[in-house]
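See structure below.
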Amino acid sequence: MDALARQCVNGFRPVRQAAIGHLQKVLLAPQLLSGEHIQLRLIFEEIIFPALENLLKPQVFQRDPSPGGMQETRMRMCSMLCKIFLHYLLDLNESAKELNDLWLKILNFYDRFLNCGKKDQLAESLPETVKNILLVMHASQILVPPPPKGAEEPRSPAQIEMWTLTAERLSKFLPSMLDEVLSRADVGQAPAPPLQDAPDGAQGPSA
């Protein structure tokens, strides 16, 4: 997996695209958790996060700055991060501290990608990616809003902490997002699944 993650920032586009596709398949494979000593946290911290960190570097972006180049790669990797996180969300929720730490790091990356350059397709797609994650977390009773003022607090300490840290972090770069998510949930709209990856060479949003 390390080798695939390193190739996700390869300057040669076909190699990069193939590496992202193969890496996603490996990370979503049911066999991944069948072995001993597999820690989900390490999948993010040692495989996905380093690749995302590299994609934020200007010198890496300049390896393929053309339309459909590194910008599309950023979109695909942000989309993959969403898919992997949601795929393992319930498993991660077995440890509130681990989930909270990972979730904050994911929001930090999305904030940085959203503000790393000019307003483009990534700026359009990333808020929808975050919204989809929030909707799934809300539907899973992981992200639960506070009760009306004066009402008894029905949430667990873990739910209170998750809501507080999420609201605080989102206020820095997507301040209206939680209100949008709650409005969407109130009208009974089902959580939208993460969008599929754009075909190789396509330039539509994939996150």
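Do you know which of the residues in segment 21-39 that are among the aliphatic types (A, V, I, L, M) and assigned to a loop (DSSP other than H, G, I, E, B) is modelled with the highest pLDDT?
Just the residues of segment 21-39 that are among the aliphatic types (A, V, I, L, M), to begin with: 23, 26-29, 32-33, 38.
With the extra rule that they be assigned to a loop (DSSP other than H, G, I, E, B), the set shrinks to 29, 38.
Details: 29: 90, 38: 63.
Looking at the filtered set, the residue picked out is 29.
For segment 74-99, which positions are open to solvent by 10 Å² or more (accessible area, probe 1.4 Å) and among the polar types (S, T, N, Q)?
Keep residues of segment 74-99 that are open to solvent by 10 Å² or more (accessible area, probe 1.4 Å), which gives 74, 76, 83, 86-87, 90-91, 93-98.
Result: 93, 95.
Please report, ordered by residue number, the helices (runs of 4 or more DSSP H) entirely within segment 96-191 with at least 1 residues that are more than 30 Å from residue 60 (Cβ to Cβ) and acidic (Asp, Glu). Show your work before the answer.
Details: elements: 96-114, 121-139, 157-170, 177-186.
Answer list for segment 96-191: 157-170, 177-186.
The values are calculated or read from the model by the stated rules, or taken from the named source; none is laboratory data. Note that the structure is a prediction, hence the values are computed from the model and not measured. Heads up, the Cβs are rebuilt from the backbone with ideal geometry, glycines too, and the neighbour counts pull from every protein chain shown. Surface areas here come from the heavy atoms of the whole protein model, side chains and all, with no ligands, DNA or RNA. Shrake-Rupley method; radii C 1.70, N 1.55, O 1.52, S 1.80 Å.
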